[in-house]
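None of the figures in this text is laboratory data; all of them are computed from the coordinates on show. In this text, all values refer to a predicted model and were calculated from it rather than measured experimentally. As a convention, Cβ positions derive from the backbone with ideal geometry for all residues, glycine included, and neighbour counts pool all protein chains shown.
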Amino acid sequence: MSSSDFRGARGSTLPIYIWLTTIILFVGLAFFAFAQAASARNGAQTAADAAALAAAQQARDELLLVLRDDIADGNSDWLDWLDLSRGLPPGGEATAAAAELAAQNNSTVEGGAQPTEVDGDLAFQVDVVTDYTVGDSIIPGTEDMTARAQAVAVIQPRCEFAPNTNPTQPVTLDCDGVPVEIDPGDFNPDDLPEASVMFSVYLAE
């Protein structure tokens with residue numbers, strides 16, 4: 001091959017190298033942009049999960065307080081709180097708890113913590129939006145794009161009692177294998193266990 005032929009071959013392959021380099025660079029930048037978006041979505045989901053759990057746990061703590069008050073006041077329907085047939089206590093702080101956890105994850109709750117139901121159990125749904133954006137990338141608009149996510153946390157009763165239980169007499173509850181003795185006639189609020197013993201909280205799938 002003559003020197004002129006070699007220079008010609010090299011000159012013809014140079015645009016191909018430039019083209020391939022450009023393609024590889026573009027693919028790399030596009031992959032980085034998708035990774036940025038995925039990271040933002042994951043962050044939003046983490047915030048939503050934490051916020052929903054916080055809302056449900058706050059409601060669970062409030063349930064225990066209402067249960068204590070009802071037993072201490074001699075209300076005969078206090079057992080209804082154990083299976084949540086009376087629903088949730090009104091005016092709770094579930095939304096505030098959700099907002100606090102979302103803020104710790106650089107996100108904001110939208111619409112508050114909404115009571116809902118999952119397979120017959122009471123739950124809270126929380127929607128969040130990130131306070132940060134996806135960031136600059138080769139995809140237009142990502143510098144202003146936030147991420148959103150939704151999570152639902154369930155409150156499930158853990159204590160069982162016989163259908164014919166007399167709420168004015170001493171009661172033995174079976175809370176997933178943990179016996180809980182309650183005597184309404186001689187009740188000490190400190191006798192009740194932690195709320196987690198009587199109600200479980202978990203994220204719905």
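Couple of notes before you dig in:
- Near ALA195: Cβ cut-off under 11 Å, other residues only, Lys/Arg at +1 and Asp/Glu at -1. The net charge is 0.
- Ranked by how many other beta carbons lie within 10 Å on average, peptides 186-192, 113-119, 45-51, 58-64 from highest: 45-51, 58-64, 113-119, 186-192
- Computed over the stretch 43-190, Cα set: Rg, Dmax in Å: 19.9, 71
- Between ALA162 and ASP191, the FRET efficiency estimated from the beta carbon spacing at R0 = 22 angstrom works out to 0.65.
- The value of relative contact order for the stretch 54-205, using C-alpha pairs under 8 Å at least six residues apart, is 23 percent.
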